[in-house]
Every structure is written in structure tokens, then in C-alpha cells.
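No lab work stands behind these numbers, since they all come straight from the coordinates. As the structure is a prediction and not an experimental result, all values here were calculated from the model. Glycine gets a Cβ as well: all are built from the backbone with ideal geometry, and neighbour counts include every protein chain shown.
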Amino acid sequence: MIITIDGPAGSGKSTVARKLSERLGIPYIETGAMYRAVAWWCKKNNIDIEKRENIINALSNMNVRFLTAGASFIVMHDGVPLNDELYNPEVGDLASRIAQIPEVRKFLTYRQRTLASYGSCIFEGRDMGTVVFPEADYKFYLVTSLEERAKRRVRQLEEKGIKVSFEETLESIKKRDYQDENREIAPLKPAPDATIIDTTNISADEVVETILTSMSGAH
Ligand code: C5P
């Protein structure tokens with residue numbers, strides 16, 4: 001069983017996917033962390049991402065693994081899990097830029113489909129229901145107002161000990177939405193058969209209940 005949860009930055013996809021994973025007892029994959037991992041690797045190695053051959057080399061040398069463990073998704077580098085490194089705003093912006101590069105999308109799409117071959121899984125991202133798993137059993141797309149998403153992102157970063165301003169966060173989300181929605185390959189948009197859930201005024205637990213109800217009604 002494949003469940004996809006797509007939506008823009010800050011719509012609560014990761015929290016919802018993690019909670020749903022706990023409820024259903026199946027792993028979840030945070031595909032944004034995979035794009036962030038490539039961005040982090042390029043930054044760490046001072047790779048000029050404007051040059052296609054540099055990106056191709058970086059992908060073949062990238063010594064990063066993606067693992068699931070219970071209801072956690074882990075990005076490992078040299079046997080150490082990456083966490084805070086992936087979530088700073090600079091890596092987020094770079095992730096959105098490298099996500100426009102066809103070789104990067106092809107590489108990560110392949111990795112995502114490989115992870116799916118191990119069994120039932122929840123995939124959250126931008127193009128899970130449209131491109132990576134068009135045949136998914138259940139597809140959801142989360143929408144949330146821009147202000148609420150910026151508020152959530154500030155709170156989330158604060159919890160990780162990273163301080164950012166609300167205005168800057170709002171601007172960076174706006175820019176990221178634009179890049180994600182307007183890129184040529186796999187732009188951010190709901191699959192025609194996705195169930196759209198507005199999460200602006202409801203908690204992550206309520207979103208999970210909505211998803212479970214919709215899944216039980218579908219079959
Ligand atoms: O979800 P998150 O904000 O961590 O994703 C970081 C960036 O990775 C997004 O802005 C988007 O450009 C890219 N991404 C993508 N496709 C996915 C997941 C993330 O293009 N499936």
C-alpha cells in the first residue's frame with residue numbers, strides 16, 4: 001500500500017506523515033529531506049550547481065543513505081544521522097533550486113521507488129502523487145494559508161534552536177512556492193485524484209483523522 005501526501009512548504013506534511021505512520025505501523029519517507037540532503041552535500045563540497053557535470057559527479061559520489069526505522073526517516077552520512085544541518089533555511093533554499101535539475105529529480109525518484117519496493121509506505125513531498133507514484137492507493141494534498149505556514153515554520157525552527165524572523169520566513173516560503181509551482185519538471189500541484197485537505201485551522205491529529213476516515217470510506 002502506497003499513501004502519498006503532497007503540499008507546499010509548511011503545510012504540515014511531515015508531522016502528519018509521521019503521525020499517520022505511527023497509527024498505521026508503516027514507515028514514512030520525507031522526500032524533502034532527500035532533496036535537502038543533496039543540497040547539503042553540494043554546499044559542504046562547494047559544488048557549483050550551475051554546472052550540470054558537477055551535479056552528476058556530486059550525485060555519484062554522494063555518500064548519504066536514506067533509511068527508515070519504526071516511525072522515523074533517517075538521512076545518514078558516514079554512519080551519523082543528519083538532522084539540524086538539513087533544516088537551516090539556506091539548505092532549504094538550495095534544495096528548492098537543485099530540485100529543478102532533471103538529473104537530481106531522476107536520481108531521487110529512483111531512490112524513492114526503490115524504498116517503495118520494500119513494502120507499504122507513506123511518501124510525503126511535492127510530486128509523490130503526480131509523478132513518482134501515480135498509481136498510489138491513496139493520495140492526499142494539504143493546503144494551508146501562507147501566514148499559517150510561515151508561523152509553523154518559525155515555530156518548527158525554534159524547536160530546533162534556530163532563530164528566524166517571521167517576515168523573512170514568509171518571503172522565503174513565497175519564493176519557494178513560486179519555484180516549486182513553476183518549475184518545468186514535476187511542479188508542485190495536486191494529482192487529479194488526490195483528496196485535498198485544508199489544514200489552516202485544524203491540528204495535525206485532526207488531519208490524520210480526516211485521512212483515516214477518507215481511507216476507510218474509499219474501500
Ligand atoms: O519539504 P521540504 O521543504 O523539506 O522540501 C525542500 C525542497 O525540496 C522543496 O522546496 C522542493 O523544492 C524540493 N522537493 C521537491 N520534491 C519533493 C520534495 C521536496 O522538489 N518530492
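So here's what we get for this one:
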| item | result |
| --- | --- |
| Chymotrypsin sites (Phe, Trp or Tyr not before Pro) restricted to region 115-154 and DSSP loop, no more than 10 other C-beta within 10 Å | Y118 |
| GluC sites (Glu not before Pro) restricted to region 1-84 and DSSP loop, no more than 13 other C-beta within 10 Å | E50 |
| DSSP H segments from the chain that extend 30 Å or more along their own axis, Cα-based, with Kyte-Doolittle mean of 0.5 or above | none |
| Neighbour-count ranking [beta-carbon atoms within 10 angstrom, fewest first] of R97, R113 | R113, R97 |
| Sorted by Cβ density within 10 Å, fewest first, the residues M62, M34 | M62, M34 |
| More than 21 angstrom apart: percent of Cα pairs within region 1-154 | 44 |
| GluC sites (Glu not before Pro) restricted to region 136-218 and DSSP loop, no more than 11 other C-beta within 10 Å | E184 |
| T144, T114, T169 arranged by Cβ crowding within 10 Å, fewest neighbours leading | T114, T169, T144 |
